[in-house]
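Notes follow the structure.
Derivation of every value follows stated rules applied to the coordinates shown; laboratory data play no part. Quick caveat, the model's predicted, so the values are computed rather than measured. So basically every Cβ, Gly included, is an ideal-geometry build from the backbone, and we count neighbours across all protein chains shown.
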Amino acid sequence: MVQGKEDTEQLPAWLDQQKFEEFIERDFSNLKKIKSFQLEPSAGKGENYTTLLLRANFELELKDGSQQSISYMAKVLPNSGNRDNVASWKVFDKERQTYGQYIPEFEQMYREAGKDITFGPRYYEAKNQPEEELIVLEDLGKRGFKNLDRQSGLDILHTEAILEKLAQFHAASAVRFELKGAYPAEYDRNVCSQEDTFRDFRETQTKAYVEAFPLYEASHLAKAVESYGSQAEDMFQAYAPQIEGEFRVLNHGDAWCNNFMFQHDETGNLLETYFVDLQMSRFSSPAQDLLYFILSSTQLDIKIAKFDYLIMYYHKKLTESLKLLKYSKPLPSLRSLHQSIFTHGDWILPIISLLLPIVLVDSSDDANTDSLMDSGGAGDKFRNNLLQNPRIIRHQKVILPWAYHRGAFEVTK
């Protein structure tokens, strides 16, 4: 997720032209000189929360006298009170390793099996990593890739495209685990906090969520959700459970609509789907990505009504890819996948009480991490915007009964 506050005065002074020169020289062997450099925010208000995403624009002159425009995407730490927390989570280290090592391995596995699959933008690895956190990626906008409107939700076509790409990614990660062994310890959790600094925030958010239940026609569920929320751990900081015999994969970890980009042809036909933002990957059941994505990012008319169908569709694509890559263990059954989704139902409350409201909220100056974490007036105003707008009310009326009937708020510990 990403910082959504556009503030050009807070562009990092250390992120200068020199940080990109080695990448430009790799892309343009006939470079004569860099004529201009401009750094600008790329994410709109309310589009990102944990990192600051910037676009570095360059005008070049080549040795043959021609002019060339190029841009790169740069991810850096946010300009917010949450900066130190994000720096401690090891998410930049994790994303560099996922882009730099695992994705190339996964793509090579498919090439060797006779299938050409690309998971995301080109990653530019610096010869010498700067002191500040920095990840540089291809600007997919240059090839026509775009996000779709988060508030509308994804239709069945784009939902299936993401589920297929997730299945391919998951399958490759599972095969690699069998071939090469465990992923590093950082991949045991989404964020690697040394201590839980978000307990007060969770209590405040859950309280505000339950207070909105009359709007959701769910007052009768308030006590159950409040009791469950009071003892639930923070899923982003939680270690992945080690369940004997459970099928496990490298999850995207932050699989909401803004972290998928789509390329269409001139007539609107979908050509390609890419991942971005792989900072919170976790090695666990694919149930995490499936719950996270379907509940947060699909259109309301398919989110619950077609939930079981979407799991079946994902399972079909998963087993196809596992077979292609010659997975050495028994294929996971559809029934076992559904069982894992119930087992990992602890994800449902943070998704529907926090992530989904963030997806559906209107863009505004206060749609940022500082407002989200604030326990005073600014935070209360933002939480009201999150939890009381007409879009979230419509979604909660459908999702809350479904979650409750699945036992998602049942205290079992």
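Odds and ends about this structure:
- Within region 263-342, GluC sites (Glu not before Pro) in DSSP loop having at most 14 other beta-carbon neighbours inside 10 Å: Glu266
- Summing +1 for each Lys or Arg and -1 for each Asp or Glu among the other residues whose beta-carbon sits under 10 angstrom from that of Gly144 gives 0.
- Charge tally for Leu166 (other residues, Cβ to Cβ under 10 Å; Lys, Arg +1; Asp, Glu -1): 0.
- Nearest-ten-degree value, helix 156-180 long axis tilted from longest Cα axis of the chain: 80
- Compared with the dominant Cα axis of the chain, that is its longest principal axis, helix 287-297 is turned about 90°.
- Ranking of Cys192, Cys257 by neighbouring Cβ atoms within 10 Å, starting from the fewest: Cys192, Cys257.
- Cross-link check: pairs Lys35/Lys127; Lys165/Lys207; Lys127/Lys316; Lys207/Lys317 evaluated at a Cα-Cα cut-off of 30 Å; pairs beyond the cut-off: Lys165/Lys207; Lys127/Lys316; Lys207/Lys317.
- Crossing angle, helix 307-324 versus the chain [Cα axis fit, 0-90 degrees, rounded to tens]: 50
- Reach of Lys63 by Cα under 18 Å, taken over aspartates and glutamates that are not fewer than 8 positions away in the same chain: Glu21, Glu22, Glu25, Asp27
- Evaluating 6.51 cos²θ - 1.76 cosθ + 1.60 at θ = phi - 60° for every residue in region 225-239, the Karplus couplings come out as 5, 5, 5, 5, x, 5, 10, 6, 7, 6, 5, 5, 9, 6, 6 Hz, glycine and proline recorded as x.
- Val91, Val398, Val210 arranged by Cβ crowding within 10 Å, fewest neighbours leading: Val398, Val210, Val91
- Mean-position separation - Cα centroids, region 363-397 and region 299-345, in angstrom: 33
- Order of Met109, Met312 - criterion: other Cβ atoms within 10 Å of each residue's Cβ, fewest first: Met312, Met109
- The ratio of the alpha-carbon radius of gyration of region 145-405 to the globular-protein estimate 2.2 N^0.38 Å is 1.01.
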